[in-house]
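Visitor: Take this structure, written in C-alpha cells, and hold onto it; I'll ask about it next.
The values are calculated or read from the model by the stated rules, or taken from the named source; none is laboratory data. The model shown is predicted, which means the values in this text are computed figures rather than measured ones. When we count neighbours, we look across all protein chains shown, and the Cβ atoms used for this are built from the backbone with ideal geometry, even at glycine. Heads up: the accessible areas ignore ligands, DNA and RNA and are worked out on the full protein's heavy atoms, side chains in. Shrake-Rupley method; radii C 1.70, N 1.55, O 1.52, S 1.80 Å.
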Amino acid sequence: MSYEKVAQAKSEIVIGTKQTLKAMKNGEVNEVITADDADQTMTMKVVRLARELRIPHTRVSSMKELGNACGIDVGAATVAIKQ
C-alpha cells in the first residue's frame, strides 16, 4: 500500500534521510516511510523524530521497491510525503 501512496504523491515527496529530517524539522511532512532493509542507524533517526513530532510512520520491506515507487533507479532508505 505505501509503495502506491508514494507513487501517487511523486511531486510531493522528499527522498533520502537527510532531506527527510530537514523537511520534518521544517514542519513540511505528513508521513514518513522507511525501508526495513536500509541501514537502521540512519532510519532510526527518522523514526525517533517522527515519534517526537507525531508524524505517521510506515515501514516497507524494500529500498529498491521504494526507490522504484519514487521514480528513481536506486534504492531509497527514507521517503517523506509533504503536506
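Visitor: Do we find that Ile15 is under 14 Å from Glu4 (Cα atoms), aliphatic (A, V, I, L, M) and surrounded by 12 or more Cβ atoms within 10 Å (Cβ to Cβ) in this structure?
Guide: Working: under 14 Å from Glu4 (Cα atoms): no; aliphatic (A, V, I, L, M): yes; surrounded by 12 or more Cβ atoms within 10 Å (Cβ to Cβ): yes.
No; evaluated as a whole, the condition is false for this residue.
Visitor: Something else now. Search region 29-83 for residues being touching a residue at least 12 places away in the same chain (Cβ under 8 Å) and hydroxyl-bearing (Ser, Thr, Tyr), and hand back the single one that is surrounded by the fewest Cβ atoms within 10 Å (Cβ to Cβ).
Guide: The residue in question is Ser61.
Visitor: Would you mind telling me which numbered condition in (1) within 20 Å of Asp73 (Cβ to Cβ); (2) over 11 Å from the mean Cα position of the chain (by Cα) Thr20 fails?
Guide: Here Thr20 clears every test but (2).
Visitor: When you check Lys22 against the structure, is it open to solvent by 70 Å² or more (accessible area, probe 1.4 Å) and within 14 Å of Ala80 (Cα to Cα), yes or no? Before the answer, list the steps.
Guide: Working: open to solvent by 70 Å² or more (accessible area, probe 1.4 Å): yes; within 14 Å of Ala80 (Cα to Cα): yes.
Answer is yes for this residue.
Visitor: Within region 62-80, track down each residue that is β-branched (Val, Ile, Thr), in contact with a strand residue (DSSP E or B) (Cβ under 9 Å, 6 or more places away or on another chain) and farther than 10 Å from Ala38 by Cα. Talk me through it step by step, then tell me what you get.
Guide: The initial filter retains those residues of region 62-80 that are β-branched (Val, Ile, Thr), namely 72, 74, 78-79.
So of that shortlist, the ones also in contact with a strand residue (DSSP E or B) (Cβ under 9 Å, 6 or more places away or on another chain) come out as 72, 78-79.
Result: Ile72, Val79.
Visitor: Follow-up. Could you run through region 1-42 and say how many residues are closer than 13 Å to Cys70 by Cα and assigned to a helix (DSSP H, G or I)?
Guide: Selection size over region 1-42: 10.
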